[in-house]
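No lab work stands behind these numbers, since they all come straight from the coordinates. As the structure is a prediction and not an experimental result, all values here were calculated from the model. Virtual Cβ from ideal backbone geometry, glycine too; neighbours counted across all protein chains shown.
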Amino acid sequence: MILSLLAASVLLPGAVAAAIAAAARLLPAGSRLRRGAVLLALALGYASAQVAIAGMPALPPVDTTQGLFPLALLAAVLGVVADGAGRWTRLAMRLAAVLLVLQLSLAPLARNTWTLGTTIVAWVALAAASLLLWWAYDRVAERLSASGAGAATSTAWMVVYAGVAALLLCARTALLAQLASTVVVALVAAAMVAPARDGARAVGLAGLPFLAPMLHALILNGVFYAELGTVTAVALAASPLAAVAALAPRRAGPRLRAALAALAVAVVLAPFVARAASEYLSGEGGFSEYGE
């Protein structure tokens, strides 16, 4: 049991992400394909893990957890298309990814629970919030990259997804927690193996077309189909922005900035994880394995 869990959650996504990131070394430096290869490493590392953990999802997906599989792949494809494109094309690809998140995450509620008015309001509000947050993630990542601390974006997102996994586990959805943890593994593997000169930037900044929509989808699943609190969800969604703290020390080197970014995100999430863990340990109830 433990060995199969480690193989599906750690060895497989790590090996897939590392292999694709390593293959990027054969491509011309700074090329669109080289950046895209690292983005695909994250998506395919995650997707392979989901298949190993929960089986091959039905297409179209029959529940919101299965919807994470096509979301990972399509978000990566949209990111590759948007890379190097004009501003309006990038915005269109980003909007398409956000709408895909909402469709795959909220369709059961729109179909069975919400009125048409509630659905419209929820979609507009959540789409606007998601786009605004994604823009902010991008700005922080670009500033870190411009300062020579691109690795800080990678380490910050590693802590973000570790926090997502912990909070989803405490929200009594073990499957989503396990899936979130595979993103951490894929991030670590890709960052370690990717070309040294641009790997940190590629995994952090260029990985956002995968990292941002997957984060928002996991949060929506946790809020609407498990026990993730709204305030905790907002903190999770905003936590990547804490990485900007790594820019404060003017003379800090890249490694120190990477550590500071991870620490800043951890400080934001620690109170929520501690509270959720306390409530989980003192509470009762089973686990929710799948979305509706």
Round to the nearest 0.05 the FRET efficiency obtained for Ala7 and Ala174 when R0 = 25 Å and r is the Cβ-Cβ distance.
0.90
Got a sec? How would Val231, Val164, Val184 order by Cβ neighbour count within 10 Å, fewest to most?
Val231, Val184, Val164
Between Arg251 and Trp135, what is the FRET efficiency for a Förster distance of 35 Å, r being their Cβ-Cβ separation, to the nearest 0.05?
0.75
R0 of 25 Å, Cβ-Cβ distance Leu27-Ala96: FRET efficiency to nearest 0.05
0.45
Can you pull the Kirkwood radius for the range 2-282, inverse mean 1/r over Cα pairs, to one decimal in Å?
18.7 Å
When a footprinting reagent is the concern and you count Cβ atoms within 10 Å, what order do Met192, Met214 take, fewest first?
Met192, Met214
